[in-house]
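Enquirer: If you scroll down you'll find the structure; I have some questions about it.
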Amino acid sequence: MRSIFAKLSCATALILAAGMPVRAIGQDGFTEQVWWGLAAPAGTPDTMVRRLNAEFVRLFREAKFLDYMESQYLETVVGSPESFAKFMREDRERAGVVVRKYNVPRQ
């Protein structure tokens, strides 16, 4: 994976089926987020990556799109390919902490 265009994450107060935030059930240290992102294959020209990023940023800032996302209880976050790559690295590190803390077996 070479480049990231945009990210989308749930609002911070993730509510479980029981109606309680994750932290309310004693899972401190668990990052309460779900996210989606877009990536391009390795070798995609930087100009194409930048153009796609700009188009997605534009879409994610349109009022109609934002209203729809909000109606689905989603918070949109957009940025540069580099900022999303950094976010993914940090998210992977946080997930590793949870896996080790709760001794989650390989699957």
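Only the coordinates and a few stated rules stand behind these numbers; no lab work does. Bear in mind the structure is a predicted one, so any value in this text is a computation, not a measurement. Cβ: placed from backbone, ideal geometry, glycine included. Neighbour counts: every protein chain shown.
Enquirer: Identify the GluC sites (Glu not before Pro) of the stretch 37-107 meeting these criteria: DSSP loop state and at most 13 other C-beta atoms within 10 Å of the C-beta. It would help to have the intermediate numbers written out before the result.
Expert: On the way: sites: 55, 62, 70, 75, 82, 90, 93; in loops: 62.
Answer by residue number: 62.
Enquirer: How many nm is it between the label spots at residue 106 and residue 51, if each spot is 7 Å from the Cα in line with the beta carbon?
Expert: Inter-label distance under the simple model: 4.2 nm.
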